[in-house]
Structure formats: C-alpha cells, structure tokens
Amino acid sequence: MKGFRRSSTLPELQSTKYGSDHRKSSSSHSLTGLSSNTDLLRALKSHASQSRSTNYSLVVQSILCCCLVLMLLGGLLSYSSVTTHERTARYHLMITREYSEKQVLDTTGVLEERNDRIPFAKPNLLVQATKALQFQEYDAVPLYSTDALGGAAVKKEKEMKKENMERLFTSETAESCPSSDTVRLFVGIASRASVRARAKRNAIRDSWLGDIVESYGNSVKGTFLVSQPNFKSQGELLNLADDLIDEYRLYKDIAVIPGPENYMALPIKTFSMMRYALSSTCQYTHVLKTDDDVYLRIGYLLDIIHLGIYHGVLKIQANTISDYTAKIDKIPKRKEATPWMTSMYLGKVDRNVTNTYPGFEPVRDPENKWYLSEDSYPDELGPAGIRWISGWGYLVSRDVAEHVWEEAQSIASKEVHQRPAWWGRLPWEDVVVATLLSDYTDLYHHEGFKAAWDSCKNDTVLKHLDNQAPLLVAGLGEQDRTGLWDKKEVVCSAGEYEPGDYNTWKRWRNSLPDAKTVGKM
C-alpha cells in the first residue's frame, strides 16, 4: 500500500493521534500503524465524525454570538431613543416621592445613585434642583403681594408650608465661611437661569469673583442667586435643573432662592437674597446686593468698610424744602467709628441730571423701561418723596439687612387694609428697600459706584456695565490685575457716547435694538 499523504482538506488530522504517529516516520510517509484498509477506513470515519461535531459546535457558538451582538445593539438603540415623555416620567417619580439619600427610583424599578441637589433658600440647605426651581413659598408668607392674608391666617399658612418644605428631599451641609474676626462680607449677585446669564457668570468667575476666591477669601464670599424661572414644559424644567447642577458641581457658587423670576417681582428676589445671607452660619457683617452685569473691585469696597469713606449723605424721605433741595458735595468724608459696622446703606444715589433728588414718582411714558400706567399704579399709592440707591449695587451692614427682612415680614403679616398702599404693587426693588429703611438710616452716596454712562476713573469701586456685560469684563479684569486701573482712568465703554454724559448715553442706548423689547431709558 502506498503511503498516505496529509490532505489539505483534512487539516485536523495534524493534531490527531494518527497525525502524530505519521510524523514519527519521516522517511516514507507511510501509515505503518494501520494493518489494513479496514483500519484506515475506520480511522477516517472516526475522524469525520469528530470533524462534524466540531463544525456543529462552531456554528452554534457563532449563532449565539450574533444573537448577543443584536441584543446589545437593540439595547443601545432603545436607550438612545428614550423620549422626553419617558425622561419626564422618570424625573416625575424623582421629584414627587421620598427616597433615601442620593437614591432615585426610575421607571424600571432600579435604584440609581444621583447627586442632583443645590442650595435653596439657605446656604446650608440642599434641595433637589427640580424642586428648588418650582417651590416658591418656602418662607411661608407671600412676602410681597396684594393677597388678603394676615394675622392668624399667616401663622397657619407658615406652619403648613414649613411642613411641605420638610417633605422635600433635603439635607444640611456645612458652609465654607470667611475666617475674619471683624469683617465678613457676603456678595449676593442676582442672576438668571439662562444661557446668556451663564456667560455673564463665567466672565465674572474669570475676573473679579476669581480675585475674591484667590485673594480675599478670608473676608468675602460671593454667590450667584437665581429665582424660579417660568418654564413652558417639564422638559425645559429638567434642562434648567441639569444645567444648574452641572454649574454647582463645578463652582459651588450658585444657589436658588424663592420667588418668581420676572422684572415685576424683583422685591421678592431681594428679600430672599437678604434672608439667604442672614440665615448663613457664617454670620456675615455686611451684604453687597449687586447684579451679574457689573464689575466689582473688591479691595476698594473693603476700604469703604474699614475706613468709613463716603461722599455725601441724604435723608431717604424728603419732607421739607431743604430736604428736596439738598445736594451732594462729593467731598470725601469718613465715619468716626471704623470699621463701619452699623447703619450702612451706601451706593450711588439715584438722581436726575440737575443734581437734585426729588424722590420717587411713577414714570408715565409708555415707551420707558420703568413705565407704570395710572390704572395699575395711581399717584396716590406713593411712596412720595422717597430717595433711593440704584439697585445694581448697594452695600448694607448686617443690621440694615435685618431691618429690611423684618419689615417685609411684618408688613406681609398684616391685614390688607393695614399695609402701605404701594405694597405688592411697586415693582422697583431699590425703591421698596429704601422705603423700608426710611425711618432707620440715611442714604450714603459714594462716587466710586459708577452708572452705565459714567467714566471709569481710578477710584472706581463698582461699575454698572448694563448691556455691555459680559463683553467688557475680561478687559477690565486685565487692567485691574495689572495695576493700570489704580493709576489712571480706563476705557469701560464700547458705545457711541461721551463717558460721563447721561444724555449722549441715553440717545445711544435707546437706539439699540433691545430698546424695543425692554423699553427706553
């Protein structure tokens, strides 16, 4: 019998017993281990049977692998195609039921780890972001409204709303506080839950708020405060909540305070800001109320407190002819007792171009940004003769902030006929705050607080940039950090007007497209 050669069609033989025996005889390639053709046929049949089994096993494994791949692809497609309605359903469970800390039950019954809480109403109170953006009555009383709620009804309402608050997913967290034994300043920066407002916040973080963190943390802490926005859908609410949580995780400098986010509800936002600062375990000695369209030079602001510097003083309530005709001489003055720890209400006294201060009266021009119609706000509502400090930036001592908050609570707790006629109807928060302080302290004017039309001299403390924020913030920050601003006046305008000239600024400002939507000056 001729020798059997390895066939290319049966490679498996190379690894069988027969293949191994065959390789032992390298000279003739004959199958010496097989005594007859019958033995050869038996071996071939046995090998064929083993090959078929191996092939079947490979086919089954291939089919199982394909099924597994298809299942994985289907799962991915299903996950990516989750609708807004399904996301809403999951979040609905999250915000309407109680769970153990950091655990949320989704629609499949699986517990997920989450960290979706943000400071709300108080610095050390963490609440689910979706709840913080919706729950507007944490402080129990509708602080600034015309609702007929007073006396015993207020007390009952307060207890009910406190109980509701306790049902929220909340927890206490330790605060990071300034360590100074004398001055601890809280900078409350009013902002909004929007993309445009986040651009402003980021510009501030990269400039003057960054300076606070790096160089003044022992005396100052700054926080952006947003109220509850009007969202059109549950999906929009979820997006806002996600954005705020991301921002809070990154910077730990943003919180939500109770109250609707609209221009006519600004007094509520200011009251909530005061309460936020006063409820802090840091025991702040001063509060700066400002907006996200300003540039602040924090070192100069602290100098005001430590050195007691101001440039004029006026009575808030103008009662006499001498009150109405009083002017500010703009000569630097100093308080006798320093640091200035009490009765401070300081900023830029709102005035007209004649350098007189007649006090508040409703604006009746329908095209004006601050227009109030006679029907909605009759003249007799007052508060007549009240002078005030512009709302884009004013500095108060703790006792002044406490007085504002306590007065607001006191008025809101009264029956409607016992409240001032303007309460709940006058939308301008700076005028409202001044009115609440009219029997408590005076207005202190400081030339370093610069309005949108003012030039930026080297003594600038706080500059209102208005619609030119955040465009100019980075440039001002560079000039401030290099020391150039300490030596000379710097450019702080990109508009076509003469710095320091209100009339040319007003014409330029009213020529811009947004004047048609927000109103003219």
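The values are calculated or read from the model by the stated rules, or taken from the named source; none is laboratory data. Owing to the predicted nature of the structure, the values given are computational and were not obtained by experimental measurement. In this analysis, Cβ positions are derived from the backbone assuming ideal geometry, glycine residues included, and neighbour counts consider all displayed protein chains. For the accessible areas, the whole protein counts, side chains as well, though only heavy atoms, and no ligand, DNA or RNA atoms are used. Shrake-Rupley method; radii C 1.70, N 1.55, O 1.52, S 1.80 Å.
Laid out as a table, the results:
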{"item": "Residues of region 427-444 classified as surrounded by 23 or more Cβ atoms within 10 Å (Cβ to Cβ) and either touching a Leu at 6+ places or on another chain (Cβ under 7 Å) or part of a strand (DSSP E or B) (or both), total", "result": "3"}
{"item": "Selection count where residues are of a type in the set (Val, Ile, Thr), touching a Phe, Trp or Tyr at 6+ places or on another chain (Cβ under 9 Å) and under 20 Å from ARG387 (Cα atoms), scope region 303-324", "result": "2"}
{"item": "Which numbered condition TRP340 fails, given (1) more than 30 Å from THR146 (Cα to Cα); (2) in a helix (DSSP H, G or I)", "result": "(2)"}
{"item": "Residue under evaluation ALA494, criteria (1) surrounded by fewer than 22 Cβ atoms within 10 Å (Cβ to Cβ); (2) among the hydrophobic types (A, V, I, L, M, F, W, C); (3) out of contact with any Pro (no Cβ under 8 Å at 6 or more places or on another chain); (4) within 30 Å of GLN317 (Cβ to Cβ), criterion not met", "result": "(4)"}
{"item": "Unmet requirement for ASP329, which otherwise passes all of (1) among the charged types (D, E, K, R); (2) open to solvent by 70 Å² or more (accessible area, probe 1.4 Å); (3) part of a strand (DSSP E or B)", "result": "(3)"}
{"item": "Tabulated pairs, region 476-488, first closer than 10 Å to ASN458 by Cα, second open to solvent by 50 Å² or more (accessible area, probe 1.4 Å) and at pLDDT 95 or above, C-beta under 7 angstrom, 6+ apart or interchain", "result": "TRP485/ASN458; ASP486/ASN458; LYS487/ASN458; LYS488/ASN458"}
{"item": "Residue ID - surrounded by the fewest Cβ atoms within 10 Å (Cβ to Cβ), chosen from residues in region 373-419 that are under 33 Å from the mean Cα position of the chain (by Cα) and among the β-branched types (Val, Ile, Thr)", "result": "ILE411"}
{"item": "Every residue from region 219-252 that is outside any helix (DSSP H, G or I) and surrounded by fewer than 20 Cβ atoms within 10 Å (Cβ to Cβ)", "result": "PRO229, ASN230, PHE231, LYS232, SER233, LYS252"}
{"item": "Search result, residues across region 465-491 that are more than 22 Å from PRO513 (Cβ to Cβ), open to solvent by less than 70 Å² (accessible area, probe 1.4 Å) and part of a loop (DSSP other than H, G, I, E, B)", "result": "GLY483"}
{"item": "Residue under evaluation ASN319, criteria (1) at pLDDT 95 or above; (2) open to solvent by 60 Å² or more (accessible area, probe 1.4 Å); (3) part of a loop (DSSP other than H, G, I, E, B), criterion not met", "result": "(1)"}
{"item": "Residues being in contact with a Phe, Trp or Tyr (Cβ under 8 Å, 6 or more places away or on another chain) and assigned to a helix (DSSP H, G or I) - total across region 377-403", "result": "4"}
{"item": "Selection from region 403-451 of residues that are under 19 Å from HIS286 (Cα atoms) and of a type in the set (Val, Ile, Thr)", "result": "VAL404, VAL433, THR441"}
{"item": "Every residue from region 340-357 that is open to solvent by less than 70 Å² (accessible area, probe 1.4 Å) and either of a type in the set (D, E, K, R) or more than 32 Å from the chain's Cα centre (by Cα) (or both)", "result": "LYS348, ASP350, ASN352, ASN355, THR356, TYR357"}
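For every residue, the table says whether it meets (1) at pLDDT 95 or above; (2) of a type outside the set (A, V, I, L, M).
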| site | (1), (2) |
| --- | --- |
| GLY150 | no, yes |
| GLU163 | no, yes |
| THR182 | yes, yes |
| LEU185 | yes, no |
| SER194 | no, yes |
| GLU214 | yes, yes |
| GLY217 | yes, yes |
| SER227 | no, yes |
| GLU236 | no, yes |
